[in-house]
């Protein structure tokens with residue numbers, strides 16, 4: 001009975017996860033995009049499920065995954081993680097950049113904030129998971145994680161302090177985070 005309950009929880013969690021991610025479609029101001037985002041994320045999750053299922057061999061010692069393919073997929077995901085905030089900032093009405101900023105300065109601020117966000121998160125994970133044998137290292141990692149989590153909201157509050165503006169930037173940050181972690185996972189995958 002507990003195995004069935006566990007599988008039901010997994011399915012419900014997956015449905016809620018896709019529903020939350022599909023709400024990013026609201027940032028385009030077209031309700032039909034919610035369905036498009038839901039379809040996109042269902043497709044991505046289905047592909048990831050098939051790749052993981054193909055790779056999951058508990059008793060086999062031979063794996064047939066290609067290192068080159070892993071590096072290409074990882075690189076593409078990392079590139080998407082860095083480009084996604086720029087696309088949202090300049091192609092949608094989610095982030096209303098001040099008119100006083102030139103497009104070059106705005107591009108630098110958005111790109112720099114994205115790189116700083118990812119660098120803080122990866123540094124936090126490194127301090128917690130790799131260097132985390134000592135309590136002081138783990139504490140530094142958690143502090144970096146809190147700073148990284150606060151960074152999008154702090155930067156957005158300087159431009160648009162409404163709830164929808166700050167909430168939208170966190171949806172973008174979540175998409176960046178998912179893309180970046182999957183990209184790093186593919187790049188650091190070892191056979």
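The values are calculated or read from the model by the stated rules, or taken from the named source; none is laboratory data. Bear in mind that the values here come from a model prediction, so they are computed numbers and not experimental data. Every residue, glycine among them, receives a Cβ derived from its backbone with ideal geometry; neighbour counts consider all protein chains shown.
Take residue 167 and decide whether it is assigned by TED's automatic domain parsing to the domain that holds residue 88, surrounded by 13 or more Cβ atoms within 10 Å (Cβ to Cβ) and out of contact with any helix residue (DSSP H, G or I) (no Cβ under 8 Å at 6 or more places or on another chain). So residue 167 passes the test.
Taking the stretch 143-164 as the range and being under 18 Å from residue 112 (Cα atoms) and without any contact (Cβ under 8 Å) to a residue 40 or more places away in the chain as the test, the residues that pass are 144, 145, 147, 148, 149, 150, 151, 152, 153, 154, 157, 158. Quickly run through the stretch 179-191 and pick out the residues that are assigned to a helix (DSSP H, G or I), surrounded by 14 or more Cβ atoms within 10 Å (Cβ to Cβ) and touching a helix residue (DSSP H, G or I) at 6+ places or on another chain (Cβ under 8 Å). Listed by number, the residues that qualify are 179, 180, 182, 183, 184, 186, 187.
Per this entry, residue 116 is not counted among residues that are at pLDDT below 90, part of a helix (DSSP H, G or I) and either closer than 22 Å to residue 165 by Cα or in the same structural domain as residue 30 (by TED's automatic domain parsing) (or both).
Tell me, yes or no, whether the stretch 126-147 has at least one residue that is under 18 Å from the mean Cα position of the chain (by Cα), buried (at least 17 other Cβ atoms within 10 Å of the Cβ) and within 29 Å of residue 72 (Cβ to Cβ).
Scanning the stretch 126-147, I find no residue that is under 18 Å from the mean Cα position of the chain (by Cα), buried (at least 17 other Cβ atoms within 10 Å of the Cβ) and within 29 Å of residue 72 (Cβ to Cβ), so the answer is no.
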